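Working notes, beginning with the structure itself.
The values are calculated or read from the model by the stated rules, or taken from the named source; none is laboratory data. Since this is a predicted model, take the numbers as computed values, not measurements. Every residue, glycine as well, gets a Cβ built from its backbone with ideal geometry; the counts of neighbours run over all protein chains shown. Just the protein is used for accessible areas: all its heavy atoms, side chains included, with ligands, DNA and RNA removed. Shrake-Rupley method; radii C 1.70, N 1.55, O 1.52, S 1.80 Å.
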Amino acid sequence: MTDVRVAQVGLGKWGQNLVRNLDVLGRLTWLCEASDERREAFAQRFPNARTTASYEELLADPELEAVVLATPVPTHHALAKQALEAGKHVFVEKPPAMRAAEMEELVALSEERGLVLMPGHLLLYHPGVRKLKELVDSGDLGDVLCIYGNRQNLGTIRKDENALWSLGVHDVSVILHLADEEPSEVWARGNAFLTPGVEDVVFCFMRFPSGKIAHLHLSWLDPHKMRKLTVVGRDKMAVFDDMEMERKITIYEKWPEQPMQSFGEWQTRTGDILSPKIASDEPLRLELSHFMRLVRQGWTGQEARDGLAVVRVLERLQNSLVS
Ligand SMILES: NC(=O)c1ccc[n+]([C@@H]2O[C@H](COP(=O)([O-])OP(=O)(O)OC[C@H]3O[C@@H](n4cnc5c(N)ncnc54)[C@H](O)[C@@H]3O)[C@@H](O)[C@H]2O)c1
């Protein structure tokens, strides 16, 4: 446990997971929630933290060092800005803003004030995604040609943000992390079947300057619960499947080649199918530990700049979705 004095803002479905971890990792000093009922329930569970419905009240506490925001997405930018202006380090759930210009403003503010701004891109702290990154960076898969993500389920049906911003944010953060470049071409297509203006099903395409391409299927109207990312390399292929309990990563030794004797014909080769051991540490615990470390040990701003790239790509996809 660090001694970082931290406040949790928003105690909804996801906020309760954050607060459970913050209670172990830092010194949970404030709980802020708009609903009286939820606030009271949490006050009983965490008697050492002060509770309030007023965000301003906790920001006025000079002892408070950091805030963790898990309120609805459209509130993120304004609440994060207010916290940075009050001199607090900020962890803000994904996505921190819904427009690149707003995210740029947050990044500039955090740099100017020397405060941590960390977006909650949970998957980047997942041991399975870390393994995938290691496989890509070491060249083990060969040149990466194609990446595609499946993030489908029946529900949770959101009303504030569409499937791109709610679900696609996870895949975009991982794909940019793996690719180490921003796409030169993007398009998205989808439809709002349930709530006007809020797309429930979205398909995205991205082409990168290096030539690799990526695709996403995002939906909360689907019979399959899928949380999968497939990376097709020239030499090997790897799959991260977060629905698997044990085989989070599978490496397929499958590749195409043109043997001399085939006179230019492509042939496919197959070898072993391997599943390396992946640590079962809770990604949220790892993510929040990282935040605490940044607060205590200083930071370079990398997490915020990576978060800006994610918002930039989501905004471009969104513009193509409605055009
Ligand atoms: N990283 C992940 O895997 C993951 C998963 C689910 C949700 N999330 C993110 O977490 C955030 C919250 O999602 P959720 O599903 O918990 O939503 P939710 O609606 O269940 O919870 C939001 C809570 O915030 C409270 N709230 C709203 N405005 C407030 C304010 N100004 N001050 C104090 N409290 C306020 C609401 O009363 C509600 O209890 C979203 O940004 C979402 O994208 C992240």
Subset of segment 165-212 [touching a Cys at 6+ places or on another chain (Cβ under 9 Å) and away from the ligand (no atom under 16 Å from the Cβ)]: Val186, Trp187, Ala188, Arg189, Gly190, Lys212
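I'm trying to understand the selection: among the residues of segment 277-288, which are out of contact with any Pro (no Cβ under 9 Å at 6 or more places or on another chain), open to solvent by 30 Å² or more (accessible area, probe 1.4 Å) and in contact (Cβ under 8 Å) with a residue 60 or more places away in the chain?
Of the residues in segment 277-288, the ones out of contact with any Pro (no Cβ under 9 Å at 6 or more places or on another chain) are 277, 282, 284-285, 287-288.
Pick out the ones that are also open to solvent by 30 Å² or more (accessible area, probe 1.4 Å) and you get 277, 282, 285.
Passing the criteria: Glu282, Arg285.
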Going through segment 142-164 one residue at a time, which ones are touching a helix residue (DSSP H, G or I) at 6+ places or on another chain (Cβ under 6 Å) and within 12 Å of the ligand (Cβ to nearest atom)? Arg151, Arg158, Asp160, Glu161
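Table: residues versus (1) of a type in the set (S, T, N, Q); (2) closer than 24 Å to Tyr125 by Cα.
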{"residue": "His215", "(1), (2)": "no, yes"}
{"residue": "Lys225", "(1), (2)": "no, yes"}
{"residue": "Tyr252", "(1), (2)": "no, yes"}
{"residue": "Gln267", "(1), (2)": "yes, no"}
{"residue": "Asp281", "(1), (2)": "no, yes"}
{"residue": "Gln297", "(1), (2)": "yes, yes"}
{"residue": "Arg305", "(1), (2)": "no, yes"}
Counting just the residues of segment 94-127 that are hydrophobic (A, V, I, L, M, F, W, C), over 16 Å from the mean Cα position of the chain (by Cα) and open to solvent by 40 Å² or more (accessible area, probe 1.4 Å), which one comes out nearest to the ligand (Cβ to nearest atom)? Ala101
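Yes/no matrix, rows are residues, columns are (1) within 18 Å of the chain's Cα centre (by Cα); (2) closer than 14 Å to Leu321 by Cβ:
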| position | (1), (2) |
| --- | --- |
| Asn153 | yes, no |
| Lys159 | no, no |
| Leu167 | yes, yes |
| Ser173 | yes, no |
| Pro183 | yes, no |
| Gly197 | no, yes |
| Trp220 | yes, no |
Taking segment 252-266 as the search range and keeping residues that are surrounded by 10 or more Cβ atoms within 10 Å (Cβ to Cβ) and without any contact (Cβ under 8 Å) to a residue 40 or more places away in the chain, which one is nearest to Thr230 (Cα to Cα)? Tyr252
With respect to Gly139, determine if the residue is free of Cβ contacts under 8 Å to residues at least 60 places away in the same chain, more than 12 Å from the ligand (Cβ to nearest atom), open to solvent by 20 Å² or more (accessible area, probe 1.4 Å) and touching an Asp or Glu at 6+ places or on another chain (Cβ under 9 Å). yes
Residue hits (segment 56-93; modelled with pLDDT of 95 or more, within 11 Å of the ligand (Cβ to nearest atom), open to solvent by 10 Å² or more (accessible area, probe 1.4 Å) and not in a helix (DSSP H, G or I)) are Ala70, Thr71, Glu93
Do you know which residues across segment 142-159 are open to solvent by 30 Å² or more (accessible area, probe 1.4 Å) and under 13 Å from Val174 (Cα atoms)? Tyr148
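When residues of segment 7-23 are filtered for being part of a helix (DSSP H, G or I) and within 6 Å of the ligand (Cβ to nearest atom), how many remain?
Taking segment 7-23 as the starting set, the residues that turn out to be part of a helix (DSSP H, G or I) are 15-23.
Then keep just the ones that are within 6 Å of the ligand (Cβ to nearest atom); that gives 15.
Residues in segment 7-23 being part of a helix (DSSP H, G or I) and within 6 Å of the ligand (Cβ to nearest atom): 1 in total.
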If we scan segment 302-317, do we find a residue that is free of Cβ contacts under 8 Å to residues at least 12 places away in the same chain and within 15 Å of the chain's Cα centre (by Cα)? yes
Failed criterion for Gly26 (all others in (1) within 11 Å of the ligand (Cβ to nearest atom); (2) touching a Ser or Thr at 6+ places or on another chain (Cβ under 8 Å) hold): (1)
Please give the number of the condition Trp30 fails out of (1) touching a Lys or Arg at 6+ places or on another chain (Cβ under 8 Å); (2) open to solvent by 10 Å² or more (accessible area, probe 1.4 Å); (3) among the aromatic types (Phe, Trp, Tyr). (2)
Could you please give the count of residues in segment 267-276 that are surrounded by fewer than 12 Cβ atoms within 10 Å (Cβ to Cβ) and touching a helix residue (DSSP H, G or I) at 6+ places or on another chain (Cβ under 8 Å)? 0
